[in-house]
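*Asks:* My structure is below; once you've seen it, I'll send some questions.
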Amino acid sequence: MEEAVKQFIFSLAPFSEDDFVNALPYFKTEVIQKDDYFSKAGRYCDRLGFVVDGLLRSFYIIKDKEATTFFLSPGSVAVALLSFLQTKPAIENIQALKTSTLITIKKKDIEVLYKENWKWQQAGRVLIENYYIKMEQRSISLQSKSAQELYVEFTREFPEIIKSVPLHYIASYLGVSPETLSRIRKIR
């Protein structure tokens, strides 16, 4: 398994090398081709994935328009969380913007690990807490910052994405029209 994934897992709980090795059979490597979906609205998301390489985006369809919520670059966790936790069809899509490699684990296998070792329960809790913090920070930013401030923050957080994804995805992420994004980019 990729060293970055191992380090990520070890950051979530006090795992020993044996804990990690014993869990390896539950993980697999998945390649998602450009434009294919890791998770699709209307289908149950039964796995989560650690992005090793590539780029994905999470988005909803709202009133026939795509609303981008996250860009998932290496080091990110890809999961349609509501679907995953509630065992219901997803309302969000997670699509590869580039061919992407993920290390994935099925929900049923996570539940086995939870029963086998309390450290996996802690890892799951910390993962959910981190996801919540990220969502809360994003929500606060969207409510409290101007479009220009959001764009500056975005360029700091995702400098590589600016060059590699269509601008309408970035505009959607920022909650502005493509025309507004063009004006902001000209000012900067």
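The values are calculated or read from the model by the stated rules, or taken from the named source; none is laboratory data. A quick note: this is a predicted structure, and the numbers were derived from the prediction, not measured. Because the Cβ atoms are built from the backbone with ideal geometry, glycine has one as well, and the counts that use them run over all protein chains shown.
*Asks:* Ala41 fails exactly one of the following numbered conditions: (1) more than 23 Å from Arg138 (Cβ to Cβ); (2) modelled with pLDDT of 95 or more; (3) assigned to a loop (DSSP other than H, G, I, E, B). What is the number of that condition?
*Replies:* Single failed check for Ala41: (1).
*Asks:* Restricting attention to the stretch 162-182, and to residues there that are within 19 Å of Ser141 (Cα to Cα) and touching a Phe, Trp or Tyr at 6+ places or on another chain (Cβ under 9 Å), which single residue is surrounded by the most Cβ atoms within 10 Å (Cβ to Cβ)?
*Replies:* Tyr173
*Asks:* Picking from Lys119, Lys108, which residue would you name as being modelled with pLDDT of 95 or more, touching a Pro at 6+ places or on another chain (Cβ under 8 Å) and charged (D, E, K, R)? It would help to see each step written out before you state the result.
*Replies:* Details: Lys108 fails: touching a Pro at 6+ places or on another chain (Cβ under 8 Å).
Criteria check complete, one pass: Lys119.
*Asks:* Would you mind stating whether Tyr132 is part of a helix (DSSP H, G or I) and free of Cβ contacts under 8 Å to residues at least 12 places away in the same chain? Step through it out loud before you land on a result.
*Replies:* Working: part of a helix (DSSP H, G or I): yes; free of Cβ contacts under 8 Å to residues at least 12 places away in the same chain: yes.
Yes: the conditions hold for Tyr132.
*Asks:* Please verify whether Leu97 is of a type in the set (A, V, I, L, M, F, W, C), modelled with pLDDT of 95 or more and either touching a Pro at 6+ places or on another chain (Cβ under 9 Å) or over 22 Å from Pro14 (Cα atoms) (or both), treating the condition exactly as stated.
*Replies:* Numbers: of a type in the set (A, V, I, L, M, F, W, C): yes; modelled with pLDDT of 95 or more: yes; either touching a Pro at 6+ places or on another chain (Cβ under 9 Å) or over 22 Å from Pro14 (Cα atoms) (or both): yes.
Yes; evaluated as a whole, the condition is true for this residue.
*Asks:* Return the total of residues in the stretch 112-159 being surrounded by 13 or more Cβ atoms within 10 Å (Cβ to Cβ), among the polar types (S, T, N, Q) and over 30 Å from Ala23 (Cβ atoms).
*Replies:* Qualifying residue count for the region: 3.
*Asks:* If you take the residues in the stretch 135-161 that are of a type in the set (D, E, K, R) and in contact (Cβ under 8 Å) with a residue 24 or more places away in the chain, which one is nearest to Phe70 (Cα to Cα)?
*Replies:* At the first step, the residues of the stretch 135-161 found to be of a type in the set (D, E, K, R) are 136, 138, 145, 149, 153, 156-157, 160.
Among the residues that remain, those that are also in contact (Cβ under 8 Å) with a residue 24 or more places away in the chain are: 138, 160.
On the way: Arg138: 9, Glu160: 14 Å.
Taking the candidates together, the pick is Arg138.
*Asks:* From Val52, Val77, grab the single residue that is more than 29 Å from Pro178 (Cα to Cα), of a type outside the set (S, T, N, Q) and in contact with a Leu (Cβ under 7 Å, 6 or more places away or on another chain). Write out each step before concluding.
*Replies:* Details: Val77 fails: more than 29 Å from Pro178 (Cα to Cα).
Among Val52, Val77, only Val52 is more than 29 Å from Pro178 (Cα to Cα), of a type outside the set (S, T, N, Q) and in contact with a Leu (Cβ under 7 Å, 6 or more places away or on another chain).
*Asks:* Let me ask another. I'd like to check something: does the stretch 63-72 contain any residue that is basic (Lys, Arg) and loosely packed, with under 15 Cβ neighbours inside 10 Å?
*Replies:* Let us first name the residues in the stretch 63-72 that are basic (Lys, Arg), namely 63, 65.
Next, from what is left, pick out any that are loosely packed, with under 15 Cβ neighbours inside 10 Å: 63, 65.
The answer is yes; a qualifying residue exists.
*Asks:* Related question: Can you tell me which residue in the stretch 91-111 is farthest from Val79 (Cα to Cα), limited to those that are touching a residue at least 60 places away in the same chain (Cβ under 8 Å) and either surrounded by fewer than 14 Cβ atoms within 10 Å (Cβ to Cβ) or of a type in the set (D, E, K, R) (or both)?
*Replies:* The selected residue is Lys98.
*Asks:* Same structure again: Exactly one condition in (1) closer than 14 Å to Thr101 by Cβ; (2) buried (at least 16 other Cβ atoms within 10 Å of the Cβ); (3) more than 14 Å from the chain's Cα centre (by Cα) is false for Phe15; which is it?
*Replies:* The one condition Phe15 does not meet is (1).
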